[in-house]
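Before any comments, here is the structure.
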Amino acid sequence: MIATVNNTGFCKGNILVPNVENMTAWSVIACDQFTSQPKYWHDVAAFVKTQPSTFNMIVPEINLDSEDLDQHIAAVNRAMRTYLRRHLFDEVNDYIYTRRVLSNGKVRHGLIGVVDLEQYEFHPGSRTTVRATEGVMQNRIEPRLMIREIAPMEVSHTMLLVDDRRNEVFSFLEEELDQMQSLYSFDLMKDSGKISGYLVTENQSERIDAALTALATEKEMQEKYGITDKGIFVYAVGDGNNSLATAKLHYDHLKRTLSPQKLQNHPARYTLAEIVNLNDDSFDFEPINRVLFGVDTANFLNQLERVHQISFTPMEGQQYFDCIIGEQTQRIWIADPSSYVVTGTVQNFIDRYIRDFSGKVDYVHGETIVRQLAAQADNVGILFPSIPKQSLFETILADGILPRKTFSMGQAGDKRFYLEGRKIKP
């Protein structure tokens, strides 16, 4: 077989696989989860204790507003350097095939590799092969950038989606599992399922490259979306929009200081990610809901009615959401939306309300926790309807980008856990 050169924006790379005694303690969930549930992170800390863990290599977003953020960041970089010095990793140079058993028992199939940041942009209207799906949050990027600029390595929770309708990237991998080298297999903490990883063979790697390259053509764009004038779009960021944007900004900073020759193969030109087939039946998109804290709830509703034409009775074809105050839930329709999706319309109003009055907003997965928080005084919970995942690529091509924190790939506990790493310094 003739080797296929993969220039799609995602390819194999040098990946650090942990070699530690307790892999369950090593692997922790994405830093942007459970931001209104401090007990989750306290439980993680109690479970990890002094064991080697990616918990020591991240700053959970729940801590981003802490007064000792600088100390958190310094501790992260000390842990990374310590783990590298103690040789806690084995390095492989190919794709890693993953099988994640989710909390519902379904299996999500993934492929670990690296994103070429030259082929990624997070601005609306990008024509790159790798594109953001949601607006980035500057207050989430700044501390991550502070970590990355001095960090010797990275860990990642970024997941990219490919619209592989014939499942040509993953189907043969599952059939040939016995040909691969097993790298890890263990239970994830806090009842979050199980993860197994396998190093693909050289032959499988070439077939992966050929399958990905076949997705990156104008013919594919025409057949799937009927669009050929907006560039070749292969990978949509499913999780980790802020993390990938951080890696891009760090690389852009380097481009101003290094020669083109040094940049050509600089490790920071690439960033670790996992790709998953959009059509994998193991997951659906879940809405990311909102909870407002410390607001005058009556004024919140009054201002919403003043700013928008709203109705508490059904309006066919109009955007709607559920508003929860205390134990009461009201479905609200909006006749004059300010965005093409209800998440954007409501977020625009929330931003305006907090600016003009007061309060704080958090982005929450799952209905149960929203209702628990909304039951507390001076809080408002907002539940959104789901977005069909099949429309994601067409929406990005048509509209450029979704509002920030619009959708989630499954429930919070099914998010990608930090596990593998990469060196990002020469």
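In whole angstrom, how far apart do the alpha carbon centroids of region 391-426 and region 75-107 sit? Each part's Cα centre sits 19 Å from the other's.
For region 258-328, chymotrypsin sites (Phe, Trp or Tyr not before Pro) are listed when DSSP marks them as loop and at most 15 other Cβ atoms sit within 10 Å of their Cβ; the list is PHE312.
What FRET efficiency, computed as 1/(1 + (r/R0)^6) with R0 = 45 Å and r the Cβ-Cβ distance, is obtained for ARG165 and ASP296, rounded to the nearest 0.05? Kindly include the intermediate steps, with their values, before the conclusion.
Details: r = 49 Å, r/R0 = 1.09.
Calculated value: 0.35.
Can you compute the charge dipole magnitude of the chain about its Cα centre, using +1 on each Lys and Arg Cβ and -1 on each Asp and Glu Cβ, nothing else charged? Give it in debye, rounded to the nearest 20.
Working: 44 positive and 56 negative charges, 212 e Å.
Once rounded to the nearest 20, the dipole reads 1020 debye.
The alpha carbon convex hull volume per residue for region 369-412 rounds to 90 Å³. Taken over the Cα atoms of the chain, the convex hull encloses 156 Å³ per residue.
In the chain, carbon and sulfur make up what percent of the accessible area (probe 1.4 Å)?
Values: 8650 of 18270 Å².
Answer for the chain: carbon and sulfur cover 47 percent of the accessible area.
Considering only alpha-carbon pairs that sit under 8 angstrom and 6 or more positions apart, the relative contact order computed for region 185-273 is 13 percent. For LEU84, the solvent-accessible surface with a 1.4 Å probe is about 40 Å², rounded to the nearest 10.
Remark on LEU161: its backbone amide H falls under 5 Å from those of ALA236, VAL237, GLY238, VAL276, a criterion applied only to residues 5 or more positions apart or on other chains, H modelled at 1.01 Å from N. Could you tell me the center-to-center distance, by alpha carbons, between region 288-338 and region 208-286 in angstrom? With region 288-338 and region 208-286 each reduced to a Cα centre, they are spaced 36 Å.
Say R0 is 45 Å: what FRET efficiency, to the nearest 0.05, do ASP356 and ASP229 get from their beta-carbon distance?
0.65
Each Lys and Arg adds +1 at its Cβ and each Asp and Glu adds -1 at its Cβ; summed about the Cα centre, region 1-151 shows a dipole of about 520 debye.
Tell me, in nm to one decimal, what length is gained between ASP43 and ALA375 on full extension, where the rule is 0.36 nm per residue of separation less the Cα-Cα distance? Before the final figure, lay out the partial values.
Working: separation 332, 0.36 × 332 = 119.52 nm, distance 2.39 nm.
Residue separation times 0.36 nm, minus the Cα-Cα distance, leaves 117.1 nm.
Rounded to 0.05, the FRET efficiency of the SER391 and THR217 pair, given R0 = 30 Å and the Cβ-Cβ distance, is 0.90. Rounded to the nearest 10 Å², what accessible area does ARG306 have for a 1.4 Å probe in the complete protein model? That residue has around 150 Å² of solvent-accessible surface.
The values are calculated or read from the model by the stated rules, or taken from the named source; none is laboratory data. The model shown is predicted, which means the values in this text are computed figures rather than measured ones. Don't worry about glycine lacking a Cβ; one is built from the backbone with ideal geometry, like all the others, and counts go over all protein chains shown. Side chains are part of the model used for accessible areas, which takes the heavy atoms of the whole protein and leaves out ligands, DNA and RNA. Shrake-Rupley method; radii C 1.70, N 1.55, O 1.52, S 1.80 Å.
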